[in-house]
1. Would you mind checking the tilt of helix 57-68 against the longest principal axis of the Cα atoms of the chain, expressed as 0 to 90 degrees and rounded to 10?
2. For the chain, treating each Cα as an identical point scatterer without solvent, what Debye log10 I(q)/I(0) comes out at q = 0.19, 0.24 1/Å?
3. So, by mean Cβ neighbours within 10 angstrom, what's the order for 91-97, 65-71 with the highest one leading?
4. Using the Cβ atoms and a cut-off under 13 Å, what net charge is assigned to the surroundings of Ala2, where Lys and Arg are +1 and Asp and Glu are -1?
5. Once the Cα atoms of helix 29-52 and of the chain are each reduced to a long axis, what angle between those two axes, in degrees from 0 to 90 to the nearest 10, is obtained?
6. Can you give me the angle between helix 76-101 and the longest principal axis of the chain, using Cα atoms only, in degrees from 0 to 90, rounded to the nearest 10?
Amino acid sequence: MADLSVAPADHRRTMLVREEIRLAGGDWGAARTESHLTRSAVTAPLLRVRLLLPEVAVTAQLAVQAAYDMRTADSTAALQEARERAVRAADDLVAAAGAALAPPAARAAS
């Protein structure tokens, strides 16, 4: 689960840099290459979570998709909003995974 927290965070950071360069009209070729690497790094942890914790599969996919969606920003303000949505979706994933992994007694008490 930790890998699925780290990999999208790395991708969010890379996408933020990439899209800031693109929106400023700069040469974002190197940043695009880096974003392909960080996006690829998300695949294995997402698959593991989807297979081992199917009860959080949808939340996991939403968190990852929110990071991917940063590329559709058409302004720096929209980019910041997309980043904030991605961070919130990642927080939702951590909460959902925590609930799913909690001992049965802890789940019953909540």
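1. The helix 57-68 is inclined about 10 degrees to the chain.
2. -0.89, -1.23
3. 65-71, 91-97
4. With Lys, Arg at +1 and Asp, Glu at -1, the net is -1.
5. Its long axis makes an angle of about 10 degrees.
6. 20 degrees
All of the numbers you see were taken from the coordinates with simple rules; none came from a lab. Please read all numbers here as calculations on a predicted model, not as lab measurements. Glycine gets a Cβ as well: all are built from the backbone with ideal geometry, and neighbour counts include every protein chain shown.
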